[in-house]
């Protein structure tokens, strides 16, 4: 059954956006966006990070209500003031980060927040289990509703969360990166379920960076770029290359900084840290990587591809189940972050708040990693300030005052402090996750200069980012991660942004 037949010919669309715009602090995030979703249609939505996809979905789902333009459901104008209002109107969203409760049963998760009660006012457990069984079975799943949610694979947990949205009565279902953490069999199972939902006359908005998945499951695909809708076409008429061309702009390849790069990987440089066929039993599967002295290795991939897990495994934050690490040729087992630090490995995570103290002065944030080297029995604040002052000058932290509270600095300067923390003693290996995310142009240039200087001083550097421009600007060689596996490696020659998007 097609979307057209389900829409009833002359009936209005299930959902329609007209000239929708949204700004944050005077900066336009969406500009006059039009979009239509028919009953019985799966509508794919793609675009680079920051293209406007998430903003659009939050408007539809009632999270953002201060926007310009018009939204209609079944032809009737609506303007939701909260997510609760949107849900009451039949709009449900399954986020990339699951909101299930692992210690509750499957049935309890399906009815979370909406448990039916008996006449006595107690929870009707018999009805919950019976209704959950029926709802889950309608999706083609055979799961005991009394199973603890956390014991299920991620793919099944995602389908249980989807069943919760269906239970709410949602006719418009928004799926945010639903396949990012799924194995191929789990993706197939999800797609089978989505086709059943589509056949019931509901509308699905399928947001994903994985273009192959979008083209396989969608009836229609809309592409966003720089806050604007740039294309809407039938999925059957599109190719992956055509979608990428819409995403990055025709003729723009290689025209701007970070759009292309000449890779200069040098296999004669010594391997400092090697990961050989490592797996963590969840996200990473047989990942191999070599980090060489005086080189920047870039790891590119979409959100959920396994970058964060790889960084944490290399730094001893998570344990691997298979494979091994070699440091300067000797096998190592990083059982903790302290063990990794002791071997000369430094890590700046994607979330600066994980490693910085915003209510403490800059000098304390910089010196905390080397307190054991500075102090024996008594603290020496002057020594800490002197070291921090030198680092602030070297890294051009602005203002260069080590006594300032960290929280008063800009995001870019906080990132420099995060780098300075590890550079009081030069590491052998530096792992940087999203090192330039959320920075203005000037701050990005400063961080890029700092990272390249460290490379030239012989540090083996790993840069992990979902921003292709960052990878192309920094990397000497690139590995592309896709769903926890290395999909492609680029070691030399010219590489374009489109090459990364296609491989991911």
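Laboratory data are not the source of any read-out in this text; all were calculated from the coordinates shown. Everything numeric in this text was worked out from a predicted model, so none of it was measured. Ideal geometry is used to build each Cβ from the backbone, glycine not excepted, and the neighbour counts take in all protein chains shown.
Tabulated values for the structure
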quantity: Alpha-carbon spread of segment 31-169, three principal axes, descending order, Å; calculated: 49, 35, 26
quantity: With 10 Å bins from 0: P(r) over segment 378-504, alpha-carbon pairs, percent; calculated: 11, 38, 31, 14, 5, 0
quantity: Peptides 60-67, 474-481, 211-218 ordered by average Cβ neighbours within 10 Å, highest first; calculated: 474-481, 211-218, 60-67
quantity: Square roots of five times the Cα gyration tensor eigenvalues for segment 260-503, Å; calculated: 30, 21, 16
quantity: The chain: calculated mean residue ellipticity at 222 nm from DSSP helix runs of at least 4, using -39500 (n - 2.57); calculated: -9000 deg cm²/dmol
quantity: Under the Debye formula (equal points on every Cα, no solvent term), log10 I(q)/I(0) of segment 98-168 at q = 0.13, 0.22, 0.23 Å⁻¹; calculated: -0.31, -0.88, -0.96
quantity: Relative packing of peptides 398-410, 319-331 - highest average C-beta neighbours within 10 Å first; calculated: 398-410, 319-331
quantity: More than 42 Å apart - percent of Cα-Cα pairs taken over the chain; calculated: 26
quantity: Segment 179-246: radius of gyration over Cα atoms, expressed as a fraction of 2.2 N^0.38 Å; calculated: 1.16
quantity: Relative contact order %, the chain, counting alpha carbon pairs below 8 Å whose residues are six or more apart; calculated: 16
quantity: By average C-beta atoms within 10 angstrom, highest first, the peptides 283-291, 39-47, 415-423; calculated: 39-47, 415-423, 283-291
quantity: Rel. contact order, % - alpha carbon contacts under 8 angstrom, at least six apart, segment 260-503; calculated: 32
